[in-house]
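Everything below concerns the one structure shown next.
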Amino acid sequence: MDRVVEFLKKHANATAAVCLFMVTLLFYLPGLSFETIPLDNSAYVGKEYLLYPTWQNFIYHLKTPVLNLYSPLVMHSLMLDYWLWGGELFHQGGILHNIILHGLNTVLFFSLLRQLKLVRLDPEKPFTLSLYASCFGALCFALHPQRIESVLWIVERKDVQMLFCGLLAVQIFLWAWRRNSLLLSVAGAVVYLFSFGAKPTLITLPAVLIFGIWIGTEKFDWKKSLKFTAPYWVAAAAYFIFNLTQVGEFAAGSAGGLFSGARLWIVAVNYACYFFKTLIPAGIQPLYPVFPVSGWNILLVICFWAWAVSCVVLAVVKWKYRRLFLSFIAPVMLVFLGVVLPMAGLRSIGNAEFADRYSYLAALPVIILLASACEFYSPRRTIWQFGFWAYAGLIAILGYCYMQTWQSRESFINAALGDGKNIHPAALRMAAWHCFENKDFVASANFARYAVENATPDALGEAEVYCLALEGMIALEQNDATGLLMIDQAISTPDWGKLRYSNPGFSELVLLKSAELHEALWRFRHNPADLEFTVQIYMVLSELTLGSDPAKKYSYQAYAAYLQQDYRRAEELTLQALEYAPGDENLLNNLQTFRELLKNPPEAAASN
């Protein structure tokens, strides 16, 4: 027993790392039994044939963005999950993959905290974080409620993959710096480049590394710093050029121009939320919280920016703790500002400017400050030790409680709706469609109307179109023929174009229903207008895939050609669709039908 204790003490860092990994694993393992949430059936995992581990799919994901985000690393890892677990256990295997990556991120962050050294604070006695404070910081990161979404939501794997590559790249950079090896630095830059295959939020990492060198060295060597960070700058520049020339902009601002009042408010409140919601994890919501201009939010913004400016001022003026602010607190705050910049809201990310899961990277500088405070105060008084570990316990409890909201679709939707105030339109639409699927048509329509009542002026038209289309679908479910008129009115309005891209799944179902009914009308009335409208709908459906579902794109075009009695074209397009989904029974049946029609056209059969 004594030998075991001695061994553990001798390898304290490794022991702590293993314990942190196991705690993280055990904390999140209950998530394996949770239901899939509605948004899992998205462009990432909703098309099973694109998850087949084939060379063709590997190349396809390497070339094709998903929802305008270039993320081949995510798609290739999902292909690996499908190969390992198959279709039945794919969800559980994917969640386990996320949990393991998150555990590794916790270990890498712990290693980074252990290597943190503040030479400028006291050159004779550099400040470092003890094993005690490093474990505190790593646990706060691992079990924080804001981590739940990134770990238990399969399609948000891009967060954990991005940070894994980033932290590993930083670790390799530290090795390269100590060993004076430029080759190692190049290897780290290659790993850093892989992070862009998940998410582009680490674009500011080279600047962060320079700040890290400033903090950790007594005399800042510009030449060596530029030499060793140069591969990272090259990697960031290469991705930036690739993004502009090959992928295009990942997202467009949705709240006015780059320096409009609305956009600046979004940036100001986002910085405040990323900072304070890491310290005090209150009001965590799935999807996208909404932060209106209110007294509380204004106070939050004022407090954060007053603190940020104070850090810089206190690092300049002469007073007792100037060295502390100059050599550590102010640089860490600047690192925070730089790290958050890609998620700050200058440009929209996805469907909104803020989400709690976006803090997966932004939380690190804040937790470094927390761990440093733990190191400063805990060794001096027992009451401080109790306070910091009580805080860590509270973080874990809140994380566990928030994790329960992901157990089922109902609990997820209820959490997204919150207290019913300042609800994001995506949450209301998801609730409306969930009620529709469960045949609760009254509640479904009420949610859609509530979305219209609370829509901003910019989003009002889109909300009205969604409400009209959903009410049309409800009417058709209740055998009310006026539902088709409502659907046709909705898809004929200019705002339908916005809905097609913000809610493609719902749009596809509405268009398919309209096409199905108009085709039936054409076969009954033989009105060419019905046929023409049906063909147009199928062509719109092919465009709706946004290039992320080629099999569906070609199958819709093939059916449009079939309706126009161009059976040769229908056959060719179906063969193109089968190149991506070779085992699809519907496509195979369609192909057989088209070939039979080519051999025996309806006109020939009628004449015989």
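The packing ranking, built from the mean of other Cβ atoms within 10 Å per residue, places the peptides 509-515, 10-16 in the order 509-515, 10-16, highest first.
Shown in residue order for segment 220-235 are the 3J(HN,Hα) couplings computed by the Karplus curve 6.51 cos²θ - 1.76 cosθ + 1.60 at θ = phi - 60°: 6, 9, 4, 5, 5, 4, 5, 5, 7, 8, 4, x, 6, 5, 5, 4 Hz (x for Gly and Pro). Under the combined filter of DSSP loop state and at most 13 neighbouring Cβ atoms within 10 Å, segment 511-578 retains none of its GluC sites (Glu not before Pro). Atom-type composition of the exposed protein surface of the chain places 63 percent of the accessible area on carbon and sulfur (1.4 angstrom probe). Hey, which lysines would be in cross-link range of K219, C-alpha to C-alpha under 17 Å, not counting anything within fewer than 8 residues on its own chain? Here the lysines satisfying the reach criterion relative to K219 are K117, K125, K227.
3J(HN,Hα) along segment 305-312, derived from phi through the Karplus expression 6.51 cos²θ - 1.76 cosθ + 1.60 where θ = phi - 60°, amounts to 5, 5, 5, 4, 5, 4, 4, 5 Hz, with x in place of Gly and Pro. Reducing segment 415-437 and segment 226-245 to their Cα centroids gives an inter-centroid distance of 41 Å. For the pair segment 468-520 and segment 521-598, the centres of their Cα atoms are 20 angstrom apart. In summary, the convex hull built on the alpha carbon positions of the chain has an orientation-averaged projected area of 32.7 nm². Relative to its Kirkwood radius, the Cα radius of gyration of segment 459-583 gives an Rg/Rh of 1.00. Across all C-alpha atoms in segment 539-587, the radius of gyration and Dmax reach 10.0, 28 Å. Between A469, V332, S378, the Cα set farthest toward the positive side of the dipole of the chain (charges on each charged residue's Cβ, about the Cα centre) is that of S378.
Its DSSP H runs of at least 4 residues, each contributing -39,500 (n - 2.57), put the calculated 222 nm mean residue ellipticity of the chain at -22500 deg cm²/dmol, to the nearest 500.
Each residue of segment 75-90 is assigned a 3J(HN,Hα), and the resulting list reads 5, 5, 5, 5, 4, 4, 4, 5, 5, 6, 10, x, x, 5, 9, 4 Hz, derived from the Karplus form 6.51 cos²θ - 1.76 cosθ + 1.60 (θ = phi - 60°), x at Gly and Pro. Counting only Cβ charges, +1 for Lys and Arg and -1 for Asp and Glu, the dipole size of segment 505-598 around its Cα centre is about 180 debye. Cross-link partners of K158 among lysines, defined as those whose alpha carbon lies under 28 angstrom from its own and excluding same-chain residues fewer than eight positions apart: K47, K63, K199, K277, K498, K552, K553. Sorting the segments 573-580, 319-326, 219-226 by their mean number of nearby beta carbons within 10 angstrom, highest to lowest, gives 573-580, 319-326, 219-226. The mean accessible area for residues of the chain, using a 1.4 Å probe and ignoring ligands and nucleic acids, is 47 Å² per residue.
FRET efficiency for the W55 to S411 pair, using the beta carbon distance and R₀ = 51 Å, is estimated at 0.80.
The values are calculated or read from the model by the stated rules, or taken from the named source; none is laboratory data. Since the model is a prediction, treat every value here as computed from it, not as a measurement. FYI the Cβ positions are ideal-geometry reconstructions off the backbone, even for glycines, and counts take in every protein chain you see. Remember, those area values only see protein heavy atoms, side chains included, never the ligands or the DNA or RNA. Shrake-Rupley method; radii C 1.70, N 1.55, O 1.52, S 1.80 Å.
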